[in-house]
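The values are calculated or read from the model by the stated rules, or taken from the named source; none is laboratory data. Everything numeric here is computed off the predicted structure, so don't read it as measured data. FYI the Cβ positions are ideal-geometry reconstructions off the backbone, even for glycines, and counts take in every protein chain you see. Ligands, DNA and RNA are excluded from the accessible area calculation, which covers all protein heavy atoms including side chains. Shrake-Rupley method; radii C 1.70, N 1.55, O 1.52, S 1.80 Å.
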Amino acid sequence: MQKMEITKRMYEVGALAIVRAETLERACEIADGCIEGEIPVMEMSFTLNNAGEIISGLKKKYGDKLCVGAGTVLDSETARHAVLCGAEFIIAPNYDEGVAKICNRYQIPYAPGCTSITEAVDALSMGAAFIKAFPISDFYGPKLVKVFKTPIPAMPILASGGITLDNLETWIDNGVDVCGFGGLLTKGTSADIAANAKKIHEIITAKRNK
């Protein structure tokens, strides 16, 4: 049930913060803003060596108030380490069969980066919860969601890159399931982040309730 529940929570929120905070203190400031703005989902990037420690610290402090996962997970060793540190989902810029197996073993949602239908179908066949449209979202924009979903309507898409407050409605109209945000949900004070998170939450809620 764990994988199903986390996947459902990520979809219901519809957005997540892509975080590269070097300290737990800064990660908590970001988390406070995200929670206040009703986007309580954060991806801690493993571009930083202490990402696992920060994930552990966030889970200890916030518990179920915050859904925390690991990002930039390139291999199975990193995936297992992240899960043991408390990561509730795994996101990557690439698709790796070993990571998919680890995530299935621990019943953790996996969102691998895919740039083609073939790659995406392979990932879905290995149990991926979402297909991360990366880095192609930066180049194709919102229309890429329809490109993926036209042949495979049920494909769950997590887009990362190129999503702004101005074009978020178009992404949702085209069928994106979860949107990843960097600067909007990670820069400034907790109050700044909360204000942006609230705007994102309001746009997603309004479009989905139409």
**Fill in**
In nanometres, the difference between 0.36 nm per residue of separation and the alpha-carbon distance of Glu25 and Asn94 is 21.9 nm
**Dipole moment magnitude, nearest 20 debye, the chain about Cα centre, only Lys, Arg, Asp, Glu C-beta charged** = 400 debye
**Prompt:** How big is Rg to Rh over the chain, alpha-carbon atoms, Rh as the Kirkwood inverse-mean-distance radius?
**Reply:** 0.94
**Burial ranking of peptide ranges 42-50, 115-123 (average Cβ count within 10 Å, highest at the top)** = 42-50, 115-123
**Asked** Each label point is 7 Å from the Cα along the Cα-to-Cβ direction; what then is the distance between the points at Thr47 and Leu165, in nm?
**Response** 2.4 nm
**Fill in**
Listed residues Ile30, Ile152, Ile200; largest mean-square fluctuation, Gaussian network over the chain with Cα springs below 10 Å, found at Ile152
**Asked** Taking a point 7 angstrom from the Cα of Asp122 along the C-beta vector, which residues in region 72-87 have backbone N less than 17 Å away?
**Response** 74-76
**Message:** Probe of 1.4 angstrom, ligands and nucleic acids ignored: what's the accessible area per residue over region 86-210, in square angstrom?
**Reply:** 43 Å²
**Item:** Partners for Lys199 among aspartates and glutamates (Cα-Cα distance below 19 Å; same-chain residues under 8 apart left out)
**Value:** Glu12, Glu29, Asp32, Glu36, Glu38, Asp166, Glu169, Asp173, Asp177
**Complete:** Summing -39500 (n - 2.57) over every DSSP H run of at least 4 residues in the chain and dividing by its residue count gives a helix-only mean residue ellipticity at 222 nm, to the nearest 500 deg cm²/dmol, of -14500 deg cm²/dmol
**Complete:** For region 81-180, the dipole about the Cα centre with charges only on Cβ (Lys and Arg +1, Asp and Glu -1), to the nearest 20 debye, works out at 180 debye
**Prompt:** What's the carbon and sulfur percent of the chain's accessible surface, probe 1.4 angstrom, rounded to a whole number?
**Reply:** 52 percent
**Prompt:** If each of Thr189 and Asp64 carries a label point 7 Å out from its Cα toward its Cβ, how far apart are those two points in nm?
**Reply:** 3.2 nm
**Complete:** If the chain between Met1 and Asp75 were fully extended at 0.36 nm per residue, the gain over the current Cα-Cα distance would be 24.2 nm
